[in-house]
Amino acid sequence: MQYAYPLLAIFIWAGNTVITKMSAGAIFPAEIGFYRWLLAGLLFTPFMLKPVLVHWPLIRPNLGKIFILGVLGMAVYQSLAYFAAALTSATNMGIILSLMPLMSLAMAIISLGQRLTAGALAGAVLSLAGVLVVVSSGSLGLLMEHGVNLGDAMMLIATLAYAVYSTLLKKWQLKLPPLVLLYLQVLVAVVVLFPLFLASPKVGPTLQNIPLVLYACLLASMVAPLAWMQAVVRLGPSRTVMFFNLLPVITALIAAVVLHEQLALYHLVGGVLTLGGVIVSERWTTVLGKKTSVA
């Protein structure tokens, strides 16, 4: 039963990558990004006002940090994904997104003093090779000639933003209940995305895009984070993060069924390399400069 929590979160987030792709053409990126967090904020508020008031003495001195977390983790990360969806496939997005644990590990080594391991180094090389295969559609010559697809580039920046978010979350270790911290970040996203929403063209709510907004809000913004928090409590952070490795596989399968995206050989090769790199980085814990064994 304890494994149901991380699996539920991963399935929802994989589905949300497909939902993000489906939103392209049905609703403008700035619209769905704003509606998603606005609705989440409205639904959370009746339950979260009292906890926020109770924890206000701790919240107040950390408002700047909470603002940065909200911008990176909620506004920048997901908004860029919505813009990227019009220019790349859900399968590509899922594979690029799977770089996040490795990026977080690299930042922990740089900013948190974590020791560099042989696995982190080897995994970085493998994962980088995998992403290059994917973003070049299997032809590095074409990549050198034409550069990275803009959608893939946006997804790489979005993934990097979330990796920075995860690193800061660990570095700052704000002593707030996870649900309170999530709610405050949702409010930050609403405030930050409002000017972009005002300046953007709009189609407004329709029968076609309302289900997309509801999925992004209710499942991806509320249910999945809560399930992930429960997984961390029950399994611990290190065991929980291993489930993130399933994200590109599940995303590709859902995209093939729902969007009829065809899996090319370069998706398979790139996905295996990227996923393999992440697994190697997590399992091969030999600290460079020391004689240690493989975990």
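The values are calculated or read from the model by the stated rules, or taken from the named source; none is laboratory data. Treat the numbers as computed from the prediction; the structure is a model and nothing was measured. Virtual Cβ from ideal backbone geometry, glycine too; neighbours counted across all protein chains shown.
Values for this structure:
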| item | result |
| --- | --- |
| Close pairs from segment 183-207: first over 22 Å from residue 67 (Cα atoms), partner surrounded by 12 or more Cβ atoms within 10 Å (Cβ to Cβ), Cβ under 6 Å, at least 6 apart | 200/28; 200/30; 201/28; 202/31; 203/27 |
| Qualifying residue in segment 36-52 (condition: of a type in the set (A, V, I, L, M), in a loop (DSSP other than H, G, I, E, B) and either under 19 Å from residue 212 (Cβ atoms) or modelled with pLDDT under 95 (or both)) | no |
| Count - residues of segment 7-35 that are in a helix (DSSP H, G or I) and more than 18 Å from residue 253 (Cα to Cα) | 8 |
| Hey, residue 280 in a helix (DSSP H, G or I), surrounded by 15 or more Cβ atoms within 10 Å (Cβ to Cβ), among the β-branched types (Val, Ile, Thr) and at pLDDT below 85 or not | yes |
| Residue match in segment 265-277 (condition: surrounded by 15 or more Cβ atoms within 10 Å (Cβ to Cβ) and farther than 21 Å from residue 100 by Cα) | no |
| Test: residue in segment 71-85 that is in a loop (DSSP other than H, G, I, E, B) and surrounded by fewer than 24 Cβ atoms within 10 Å (Cβ to Cβ) | no |
| Residue identified as over 16 Å from residue 10 (Cβ atoms) and either assigned to a helix (DSSP H, G or I) or modelled with pLDDT of 85 or more (or both) among 262, 208 | 208 |
| Residue satisfying all of: in segment 20-35; surrounded by fewer than 23 Cβ atoms within 10 Å (Cβ to Cβ) and among the aliphatic types (A, V, I, L, M); farthest from residue 212 (Cα to Cα) among these | 30 |
